[in-house]
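Here is the structure we will look at.
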Amino acid sequence: QVQLVESGGGLVQPGGSLRLSCVASGSIFSIYTMRWFRQAPGKGREFVASISSGGGTNLSDSVKGRFSISRDNAKNTLYLQMNSLKAEDTAVYYCNAFYSTRQYWGQGTQVTVSS
């Protein structure tokens, strides 16, 4: 069992930056592939970025060049650095841990991009 707690969301102006964090507890963090998803109002949950246990990363085309994903296994923490934010990035951002048949979700953190 893995517990995930996201933080770092908030209100930011277009063009601004935010860094989301996700702290994991309850299991061996380093073995999990970690992912960020987001869900905008009235839309389905969308993949944003992933980082494997070995550190390989993957980003959706919509955020490539603006967002980056990283992890600190010593701190059991996943990060999402978001730069050049746009209004369409407004969503609830969820942290996800995935290993074999197991998958866990955090409660989400709201990101609102607005002037």
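The values are calculated or read from the model by the stated rules, or taken from the named source; none is laboratory data. Bear in mind the structure is a predicted one, so any value in this text is a computation, not a measurement. With ligands, DNA and RNA removed, areas are computed over all heavy atoms of the protein, side chains included. Shrake-Rupley method; radii C 1.70, N 1.55, O 1.52, S 1.80 Å.
By the rule of a C-alpha distance below 22 Å, with chain neighbours fewer than 8 residues away ignored, the lysines paired with residue 43 are 64, 86. Our estimate of slack between residue 43 and residue 100, defined as 0.36 nm per intervening residue step minus the Cα-Cα distance, is 17.8 nm. When the Gaussian network model of the chain links Cα atoms closer than 10 Å, the mean-square fluctuations of 102, 45, 66 top out at 102. By accessible area, using a 1.4 Å probe on protein heavy atoms only, the chain has 48% of its surface on carbon and sulfur.
Set the Cα radius of gyration of the chain against 2.2 N^0.38 Å, with N its number of residues, and you get 1.00. For the residues 42, 55, 16, a GNM of the chain with alpha-carbon springs under 10 Å puts the largest fluctuation on 42.
Per residue, the accessible area of the chain comes to 50 Å², computed with a 1.4 Å probe over protein heavy atoms only.
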